[in-house]
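Visitor: Please see the structure below; I have some questions.
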Amino acid sequence: MKTQVAIIGGGPSGLLLSQLLNQAGVDTVLLERASRKHVLSRIRAGVLEAGTVQMLHEANVAQRMEQEGIPHDGVYLSDDDLMVHINFKELTGKQVMIYGQTEVTADLYAAQDAMGTTIVHTVEDVVIEGADSASPKVSYSVGDQRFAIDCDYVAGCDGFHGVSRKTIPEKNRQTFERVYPFGWLGILSRTKPAHDELIYANSSNGFALASMRNQNLSRYYIQVPLTDRVEDWSDEAFWTKLKSCLPSDIAKTMETGSSIEKSIAPLRSFVSEPLRWGNLFLVGDAAHIVPPTGAKGLNLAVSDVFYLYHGLVQALKTGTTEGIDCYSERALTRIWKAMRFSWQMTTMLHKFADEDNFAAQMRTATLKHLSQSETARRDLAENYIGLPF
Ligand code: APR
Ligand code: PHB
């Protein structure tokens, strides 16, 4: 088989890149380890920056998002009973869109089917060879059969545990990492959201987040120790803990019910540099992970795709390599700013197990400052709605 761009991974990064490249007349083959059903069963975050919304329009996959997504003008941060409103609309003129990543992925698969692009599911043992040469090759198995693709470029969109990053020799990459000493226990429930806007709560009982998918589907998270397992948490225990972290008037009136999904995710900041080795490019979670506190994971994947898509189209259509030559640097400049924001949101809102009493005072002082300073709120709003691509 021969193609222009071999894409490893059929999560949001790989699918969006495939969608945009095929629209521009570039030939691709996308290889995904899991079944489509499995990919579409993963529940992930749900906040889309304005720039992400625009990219989904450009990719012609925005129709259902525009109907079912909920535009949000702001978020609340709370500190026990203090509620701080960050009004994005007033502070930046922009909004974010609440629309689950799972739905974005489903819309991309549907659009790819309609275009008739090549997507191969349940591939095993993907091997990238000659990535540092002019003619890379990607081989893989489906069942007992082995296949190979000759290509011009390889896009490594295969997430944190994929093969792409590991294909780059260790001496050619540098990693930066911070692992946080807690995880998020999240539930989905068919209940009315606790509030019109998201609430990121700092409290003496730890962090909680009240989010939503629609008017009858809520998504909540609480901070838990890394040693906790999902089985340790009954729905009742979850609601009790959640309510102890949210402002008391919200806790008193919120609707609770049984969970329809429950999972724990660890929190980590991670970057692997550079994003290019020869003709292999890393995109999205394959290159970087952010803690979910700033809702940046999917949005960063989309800005990576933006830079790489333009670079690849330029290289394949005109022979000019300026865009792919600058890809790593351009994408990393934005990635590090989102890293900083996600880390800052995480440290501002979570209780660390070994912290002294000074740390809690710092969180409260930061939230009080936000409540009193429009400048501080504007800075947070600018980062939350997404820095320009
Ligand atoms: N071969 C083929 N596919 C692979 C391989 C492999 N060796 N390893 C992993 N994959 C697939 C995974 O099954 C997954 O579907 O690559 C895909 C990677 O998707 P994601 O992990 O979702 O990463 P990405 O597409 O970069 O999406 C960005 O934003 O909100 C965040 O972490 C969240 O998934 C999200 C991310
Ligand atoms: C979610 O709705 O799942 C969500 C929202 C905001 C975040 C993280 C997750 O920061």
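The values are calculated or read from the model by the stated rules, or taken from the named source; none is laboratory data. No experiment lies behind these values; they were computed from the predicted model shown. No Cβ is skipped: glycine too gets one built from the backbone with ideal geometry, and neighbour counts run over all protein chains shown. Accessible surface areas use protein heavy atoms only, side chains included; no ligands, DNA or RNA. Shrake-Rupley method; radii C 1.70, N 1.55, O 1.52, S 1.80 Å.
Visitor: If we scan the range 169-183, do we find a residue that is more than 25 Å from Tyr307 (Cβ to Cβ), in a strand (DSSP E or B), open to solvent by 10 Å² or more (accessible area, probe 1.4 Å) and of a type outside the set (A, V, I, L, M)?
Guide: yes
Visitor: Same structure again: Being basic (Lys, Arg) and over 22 Å from the mean Cα position of the chain (by Cα) is the requirement here; does Lys241 meet it?
Guide: yes
Visitor: Further question on the same structure: Would you list the helices (runs of 4 or more DSSP H) that sit entirely within the range 1-88 and hold 3 or more residues that are open to solvent by 40 Å² or more (accessible area, probe 1.4 Å) and not assigned by TED's automatic domain parsing to the domain that holds Asp379?
Guide: 36-39, 50-58, 63-68
Visitor: Pick out the one residue from Ala210, Ala201, Ala155 that is without any contact (Cβ under 8 Å) to a residue 60 or more places away in the chain, closer than 28 Å to Ala265 by Cα and assigned to a strand (DSSP E or B).
Guide: Answer to the check: Ala210.
Visitor: Out of all the residues in the range 32-55, which are within 14 Å of the chain's Cα centre (by Cα) and among the acidic types (Asp, Glu)?
Guide: The answer is Glu49, and nothing else.
Visitor: If you don't mind, another one. For the range 362-375, does any single residue satisfy the condition of being in a helix (DSSP H, G or I), aliphatic (A, V, I, L, M), in contact (Cβ under 8 Å) with a residue 24 or more places away in the chain and farther than 27 Å from Val5 by Cβ?
Guide: yes
Visitor: When the residues of the range 320-352 are narrowed to those that are over 17 Å from Asn279 (Cα atoms) and away from ligand 2 (no atom under 16 Å from the Cβ), which ends up surrounded by the fewest Cβ atoms within 10 Å (Cβ to Cβ)? It would help to see each step written out before you state the result.
Guide: If we filter the range 320-352 for residues that are over 17 Å from Asn279 (Cα atoms), which is where we start, we get 332-352.
Imposing the further condition that a residue be away from ligand 2 (no atom under 16 Å from the Cβ) reduces the set to 332-337, 351-352.
Working: Leu332: 19, Thr333: 11, Arg334: 20, Ile335: 21, Trp336: 14, Lys337: 14, Lys351: 17, Phe352: 15.
Going through the qualifying residues, I end up with Thr333.
Visitor: Condition test on Lys317, is it open to solvent by 10 Å² or more (accessible area, probe 1.4 Å), more than 16 Å from ligand 2 (Cβ to nearest atom) and closer than 30 Å to Ser263 by Cα?
Guide: no
Visitor: Collect the residues in the range 213-238 that are assigned to a loop (DSSP other than H, G, I, E, B), under 23 Å from the mean Cα position of the chain (by Cα) and either surrounded by 14 or more Cβ atoms within 10 Å (Cβ to Cβ) or within 16 Å of ligand 2 (Cβ to nearest atom) (or both), keeping them in residue-number order.
Guide: Within the range 213-238, just Gln215 meets the criteria.
Visitor: Next question. Whether any residue in the range 143-152 is more than 30 Å from Ser328 (Cα to Cα), assigned to a strand (DSSP E or B) and more than 16 Å from ligand 2 (Cβ to nearest atom) is what I want to check.
Guide: The first filter runs over the range 143-152 and keeps only residues more than 30 Å from Ser328 (Cα to Cα), leaving 143-146.
Now restrict to residues that are assigned to a strand (DSSP E or B): 145-146.
Pick out the ones that are also more than 16 Å from ligand 2 (Cβ to nearest atom) and you get 145-146.
Yes: one or more hits.
Visitor: Continuing with this model, one more query. Can you find a residue in the range 285-292 that is more than 23 Å from the chain's Cα centre (by Cα), in a helix (DSSP H, G or I) and hydrophobic (A, V, I, L, M, F, W, C)? Spell out how you get there, then give the answer.
Guide: From the range 285-292, those more than 23 Å from the chain's Cα centre (by Cα) are none; that's our starting set.
Looking through the range 285-292, none of the residues is more than 23 Å from the chain's Cα centre (by Cα), in a helix (DSSP H, G or I) and hydrophobic (A, V, I, L, M, F, W, C).
Visitor: Condition check: in contact with a helix residue (DSSP H, G or I) (Cβ under 8 Å, 6 or more places away or on another chain), open to solvent by less than 50 Å² (accessible area, probe 1.4 Å) and not assigned by TED's automatic domain parsing to the domain that holds Phe341. Does Ser272 satisfy that?
Guide: no
Visitor: Of everything in the range 1-17, what is of a type in the set (A, V, I, L, M) and modelled with pLDDT of 95 or more? Give them in sequence order.
Guide: Val5, Ala6, Ile7, Ile8, Leu15, Leu16, Leu17
Visitor: Right, next: How many residues does the range 186-208 contain that are open to solvent by 10 Å² or more (accessible area, probe 1.4 Å), among the aliphatic types (A, V, I, L, M) and within 12 Å of ligand 2 (Cβ to nearest atom)? Write out each step before concluding.
Guide: As a first pass, look at the range 186-208 and keep what is open to solvent by 10 Å² or more (accessible area, probe 1.4 Å): 188, 190, 192-197, 204-205.
Narrowing further to those that are among the aliphatic types (A, V, I, L, M): 188, 194.
If we keep only those that are within 12 Å of ligand 2 (Cβ to nearest atom) too, we end up with 188.
Selection size over the range 186-208: 1.
Visitor: How many residues does the range 109-142 hold that are assigned to a strand (DSSP E or B), within 16 Å of Lys2 (Cβ to Cβ) and either open to solvent by 60 Å² or more (accessible area, probe 1.4 Å) or hydroxyl-bearing (Ser, Thr, Tyr) (or both)?
Guide: 5
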